[in-house]
Structures are given as C-alpha cells and as structure tokens.
Amino acid sequence: MKVAIFGLGYVGTVTAACLATHGHEVWGVEIDPGKVALVDAGRSPIVEPGLDDLVGAAVRAGALHATGDTAAALDGADVSLICVATPSSAQAGTDLSHLDAVTASLAAALRAGDADPGRRHVVAVR
C-alpha cells in the first residue's frame with residue numbers, strides 16, 4: 001500500500017518509519033526542506049531511540065521517501081495520514097492553521113490529479 005504522511009514531526013516520522021519497515025511504500029510530505037533532506041539522507045529529523053536506524057533502513061530499502069510536493073506523494077497513494085501540529089491558541093483553543101493548510105493542499109492535489117475517478121482515497125487525521 002502507498003501511504004502519504006503529511007508532517008514529519010514526531011508523530012509523522014515515527015509512523016512513516018514503522019509503516020515503511022512493515023512493507024508499505026511511504027512518502028512523507030513536509031514544508032521544512034531541512035526535514036526532507038534529513039529523511040532522504042536516511043536520518044530522523046527528531047530524536048527518538050532507534051528511529052535513525054528505522055528511517056535509514058527504510059530509505060535504503062526504497063520504502064521511505066520525503067518531499068515537499070503534495071502531488072508527487074499522492075500519485076498512486078491509497079491513504080493519506082495528516083500528522084501536523086495542532087497547538088493551543090492564545091485564547092485556550094486549538095490552532096488548526098496547519099491542518100487547514102494541509103487539507104487545502106491535499107484537496108487541490110486530489111482534484112488536479114489524474115486518478116481513476118472510481119478509485120477511493122482515504123484521508124485520516126492523526
């Protein structure tokens with residue numbers, strides 16, 4: 001299964017590495033080019049014991065990729081997992097601006113893609 005993971009912070013990177021080491025093709029989508037470069041070099045952008053090894057093994061196996069290009073990640077993907085931050089706002093609410101940005105990008109790419117119109121794509125927010 002091809003999985004697109006939006007956000008390569010703690011949740012996204014751990015999820016991407018675990019899914020990739022269990023046989024899935026995983027594309028991490030990240031706006032920070034530094035995180036994209038680290039993952040593509042086989043290194044984790046976050047500190048978690050053993051995660052560098054998992055990321056490195058998955059990248060060497062060709063199962064884990066990172067990109068800033070939503071359309072490339074969605075090409076042939078079966079599911080998208082949104083793993084972006086939803087920090088507290090100044091008014092004690094939740095700041096959903098990162099989630100809004102990802103869903104807008106994802107929707108635009110899905111509408112513009114050449115996907116089979118009968119094909120379903122699942123989007124889950126983590």
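Would you say residue 53 is more than 19 Å from residue 3 (Cβ to Cβ) and modelled with pLDDT of 95 or more?
yes
If you take the residues of region 76-114 that are touching a residue at least 24 places away in the same chain (Cβ under 8 Å) and assigned to a loop (DSSP other than H, G, I, E, B), which of them is farthest from residue 6 (Cα to Cα)?
The selected residue is 113.
Considering each residue of region 78-93, count those that are open to solvent by less than 60 Å² (accessible area, probe 1.4 Å) and over 18 Å from residue 11 (Cβ atoms), and give that number.
3
Look at region 33-74 and say how many of its residues are among the polar types (S, T, N, Q) and without any contact (Cβ under 8 Å) to a residue 24 or more places away in the chain.
Keep residues of region 33-74 that are among the polar types (S, T, N, Q), which gives 44, 67, 70.
After this cut, where a residue has to be without any contact (Cβ under 8 Å) to a residue 24 or more places away in the chain as well, the list is none.
Residues in region 33-74 being among the polar types (S, T, N, Q) and without any contact (Cβ under 8 Å) to a residue 24 or more places away in the chain: 0 in total.
In region 52-74, is there at least one residue being of a type in the set (Asp, Glu), closer than 21 Å to residue 107 by Cβ and buried (at least 16 other Cβ atoms within 10 Å of the Cβ)?
Restricting attention to region 52-74, the residues satisfying the condition of being of a type in the set (Asp, Glu) are 52-53, 69.
Within this subset, residues satisfying the condition of being closer than 21 Å to residue 107 by Cβ are 69.
Then keep just the ones that are buried (at least 16 other Cβ atoms within 10 Å of the Cβ); that gives none.
No, because not a single residue in region 52-74 is of a type in the set (Asp, Glu), closer than 21 Å to residue 107 by Cβ and buried (at least 16 other Cβ atoms within 10 Å of the Cβ).
For residues that are among the charged types (D, E, K, R) and under 20 Å from residue 20 (Cβ atoms), scanning just region 71-126, find the one that is nearest to the chain's Cα centre (by Cα).
Across region 71-126, the extreme among qualifying residues is 126.
Looking at region 35-73 only, could you name the residues that are within 19 Å of residue 11 (Cβ to Cβ) and part of a loop (DSSP other than H, G, I, E, B)?
43, 44, 45, 46, 47, 48, 49, 50, 63, 68 - these are the residues of region 35-73 that are within 19 Å of residue 11 (Cβ to Cβ) and part of a loop (DSSP other than H, G, I, E, B).
Considering only residues that are open to solvent by 10 Å² or more (accessible area, probe 1.4 Å), closer than 12 Å to residue 44 by Cβ and outside any helix (DSSP H, G or I), which ones fall in region 1-33?
9
The values are calculated or read from the model by the stated rules, or taken from the named source; none is laboratory data. Being a predicted model, the structure only gives us computed values, none of them experimental. Note that each Cβ is placed from the backbone with ideal geometry, even for glycine, and that neighbours are counted across all protein chains shown. Accessible surface areas use protein heavy atoms only, side chains included; no ligands, DNA or RNA. Shrake-Rupley method; radii C 1.70, N 1.55, O 1.52, S 1.80 Å.
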